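Structure first, commentary second.
Computed from the coordinates by the stated procedures, all read-outs in this text should not be read as laboratory data. All values derive from a computational prediction rather than experimental measurement. Here the Cβ positions follow ideal geometry from the backbone for every residue, glycine too, while neighbour counts run over all protein chains shown.
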């Protein structure tokens, strides 16, 4: 197939939304063909997987990989699927995590990645600065947006998905701090800036193919959903309408069938509405946070959560400086 363009009949790049653990922005755009977490399955259970979560030959792990339906998937097969979908006449909207293109921060090839075998024959030279497993020439065929969340909220939320009773639903039997994803997201973000695939707000760097960076902070989205989604649409060339902020409970939930337990709040909701209560917006002290984690998850968990939060705050703050402001 041709890799000259990753376009569709609208004449615009596919939108690739990179986000962090346990967070959703899955807008119901009628003019958009949606993809959810294809790279995540590939990175966890595919033949070119980067994650060690389902690594090994233990029968249970092997069965999980096979049951996923993605055991034989490669980066090329997923990119082929995205490309073919773009031919249907709708713009492709992809929701995934940067840590599924960038080797985990504790991986030997972090920030010095090798191209995935299935894509190594594509046009485009190997760049030692490229932190991903796909060529820069492929990355340039997407328009990028980034959704971030304060580690003090994201990490304990994800921890909850990896312990009983919820892990019986999610299938994640243990918590892995390196799955937080901030370091990998920053590595991808900085590389795209460096290569002028994206540019800072107001910058004249790059050319007509360089998009102004679109970063959404989850707190801003929850406090000002209409304004933030409207701005997102403006920056990505999508016509905004109020119906994007409302949906029926369980609408589109089949998209998350393979990630049960991670998206229940979003699936059961009826839309995005501004937070109104003080408790939802309150910034807690470190001591108050630790006490809450102690009560919810126990003494051993507190130190693990705190350490993971602290390890990722610097990267979060770096990304946050580029966020959409209202």
Take the alpha carbon atoms of segment 71-108, find their center, do the same for segment 289-326, and report the distance between the two centers in whole angstrom. 28
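What is the extension gain from residue 223 to residue 176, computed as 0.36 nm multiplied by their sequence separation minus the C-alpha to C-alpha distance, in nm to one decimal?
Working: separation 47, 0.36 × 47 = 16.92 nm, distance 2.98 nm.
Once the chain is fully extended between residue 223 and residue 176, it gains 13.9 nm.
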Once label points are set 7 Å from the Cα along Cα→Cβ at both residue 72 and residue 310, what is their separation, rounded to one decimal in nm? 4.8
With label points built 7 Å along Cα→Cβ from the Cα atoms of residue 196 and residue 167, find their separation and express it in nm. 4.8
Using the count of nearby Cβ atoms within 10 Å as a rough guide to exposure, how do 289, 184, 243 rank from fewest to most? 243, 289, 184
Taking other Cβ within 10 Å of each residue's Cβ, how do 95, 129 sort, fewest first? 129, 95
How much FRET efficiency would the formula 1/(1 + (r/R0)^6) give for residue 128 and residue 295, where r is the Cβ-Cβ distance and R0 is 41 Å, rounded to 0.05? 0.30
Where labels lie 7 Å past Cα in the beta-carbon direction, separation of residue 284 and residue 241 in nm: 4.0
